Amino acid sequence: MCCALLGGSLCTAETVVTTNDGRVIRGIALSKESVTDETCLRLPGGITSTIRRSEIKTVEQAVSADYIGRRIKEVPLDYAEALIDVALDRNTEEAEIKEIARTFWMRTAKNAVLAGEVGKALSLYSKILTLFPGNSEAAAGLDTCTSALHKLEREGEGLRVHLTENPDNDLARFDLARVYERMDKPDLAFAEYQRIIKGKLAFNGGIDRIGELRDLISESLVETVPVLPKTPSLRGQNSVGPWMTAETKRFLIRFHRGASIDNLAGCAEDALDKCLEAFGNALPQELEIPRMVLHLYATEKEYRAETFEPTASALCRTPSNLYAYEGTPRLLSSALPHEIMHLVTHHVAGNVPLWVDEGLAIRQEAVANLHFARLKQLVVEGKSLSLKEVLTETRSRLARRSKTGHDAFYAASFVLTEFLIDKHEIRGLLEFVQSVHKNGLATEVKRHYGYSSVEELEDEWLEYIMY
């Protein structure tokens, strides 16, 4: 680091401003040249801070490769990507920065592949090959993603043709939006989701993703305000219109003026710790979970107006964002831990079947055992789902089920997950579902759990439920 007052060229990756009143603001300068009267910084979380020269005491320019290497592990993924790009553009330590970029891009590309984000992965592999033309791992990844992208393009073309003839088929439109997401075309995906919403379809799968897509294609302006000292676990708070922002060690919290986050910050950190502990020996040794963003609205009305969520929903989630409002039922005890577990599961185990994803998340709820009692009641009433229905459920099919069908699936997912973890812990469960994908259910039911058939497993599971 080297200290300097504003003026001259900002040959830096990240700028650290100390204001006259003691605030420290870290961000990426939006231009290479300083401005006479004010400077603009992009902050973690996608917001921008404009700081007047009269407010600034000192400016530190982060030019150390070691600093950049540490910093990208502390910030949200999109900010880390921008930080790497700016570091390559402006810094002089090219060899070290290039190696940091290669490692970061490779890890992010592999995670994107696991998440089905083919377009993003392809872009990252291309960036690696630009810096390291002979990198065989990136070349192989690029070939794989190019082939997958061509398949997505053909799938998208087929869906577009179908929608030309059947414009009211919202399930096909949802599939097209997901194809666009995987191709890293968020603007096109957003347009398809909006068409579903404008058709007044209460189709949760598409609606749940609007918030994140909006974040990807819109910009916010922020005016910095003093730190509020009453929440010591938060490193800083800033305003953006009706929004305030604050950071904990592993969360960026955006909250409406009037909403209280005194308990939210601590509960979020505790919930994340418990979710990680739940994986036990199945937790990878070098696990890196990007900083999560929590959005807390002051009222339910504001929440629904922004997220398009139906009245049955009190909280929604995208891959790295959680949206809730003050007054969300059981937010701290159940809803927040549940949704954080979804995010952790994605980073620990990648894509898992829906019943595993929901079962693991429900285990984190304070009221988890209510699902056990609910399933027992549904079995007695003859309204439960068969084991095969639970194992093969998809989000689009679940979205079309009745409320009783929803209850039956979530309860069955929790109890089945508990049942199998009791036998071989969570590591055994994850190995089982990964093997099923390769070798089939019948084979792995016998190999992992010793049942002669899926029917035998179902019989013992029903006994577990009833007794």
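Could you tell me whether any residue of the range 187-199 is modelled with pLDDT of 80 or more, under 26 Å from R42 (Cβ atoms) and crowded, with 21+ Cβ neighbours inside 10 Å?
Yes, because at least one residue in the range 187-199 is modelled with pLDDT of 80 or more, under 26 Å from R42 (Cβ atoms) and crowded, with 21+ Cβ neighbours inside 10 Å.
Would you confirm whether or not the range 431-452 contains a residue that is under 24 Å from L114 (Cα atoms) and either in the same structural domain as A282 (by TED's automatic domain parsing) or part of a loop (DSSP other than H, G, I, E, B) (or both)?
Yes: one or more hits.
Out of T392, T404, T345, I need the residue that is of a type in the set (S, T, Y) and under 30 Å from I253 (Cβ atoms). Which one?
One residue alone meets the criteria, T345.
Looking only at the range 296-346, how many residues end up being closer than 25 Å to L429 by Cβ and modelled with pLDDT of 85 or more?
Count: 15.
One line per residue, one yes/no per condition, for (1) among the β-branched types (V, I, T); (2) farther than 27 Å from T392 by Cβ; (3) surrounded by 22 or more Cβ atoms within 10 Å (Cβ to Cβ):
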residue	(1), (2), (3)
A314	no, yes, no
N321	no, yes, no
R330	no, yes, no
H346	no, no, no
W355	no, no, yes
L360	no, no, yes
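For residues that are assigned to a helix (DSSP H, G or I) and either over 25 Å from the mean Cα position of the chain (by Cα) or farther than 20 Å from R178 by Cα (or both), tally how many sit in the range 125-150.
Count: 17.
Just to be sure I understand the filter: pairs with C-beta atoms under 6 Å, separated by 6 or more residues or on different chains, first member in the range 122-150 and over 11 Å from A109 (Cβ atoms), second member part of a helix (DSSP H, G or I) and of a type in the set (V, I, T). Which pairs pass?
N135/I128; A148/V118; L149/V118
Tally the residues that are in a loop (DSSP other than H, G, I, E, B) and either modelled with pLDDT under 90 or within 28 Å of E277 (Cα to Cα) (or both), restricting the search to the range 349-391.
Matching residues across the range 349-391 total 10.
Taking the condition of being out of contact with any Lys or Arg (no Cβ under 7 Å at 6 or more places or on another chain), modelled with pLDDT of 50 or more and not charged (D, E, K, R), how many residues in the range 1-26 meet it?
Residues in the range 1-26 being out of contact with any Lys or Arg (no Cβ under 7 Å at 6 or more places or on another chain), modelled with pLDDT of 50 or more and not charged (D, E, K, R): 5 in total.
Take the conditions in a loop (DSSP other than H, G, I, E, B), farther than 20 Å from H342 by Cβ and aromatic (F, W, Y) and apply them to Y464. Does it pass?
No, not satisfied.
What pairs can you find where one residue is in the range 247-275 and outside the structural domain of V344 (by TED's automatic domain parsing), the other is modelled with pLDDT under 85, and their Cβ atoms are less than 8 Å apart, with a gap of 6+ or different chains?
Note: no pairs meet the criteria.
The values are calculated or read from the model by the stated rules, or taken from the named source; none is laboratory data. Every value quoted in this text rests on a predicted model; they were computed, and no experiment measured them. Positions of Cβ are generated from backbone atoms using ideal geometry, with glycine treated the same way; all protein chains shown enter the neighbour counts.
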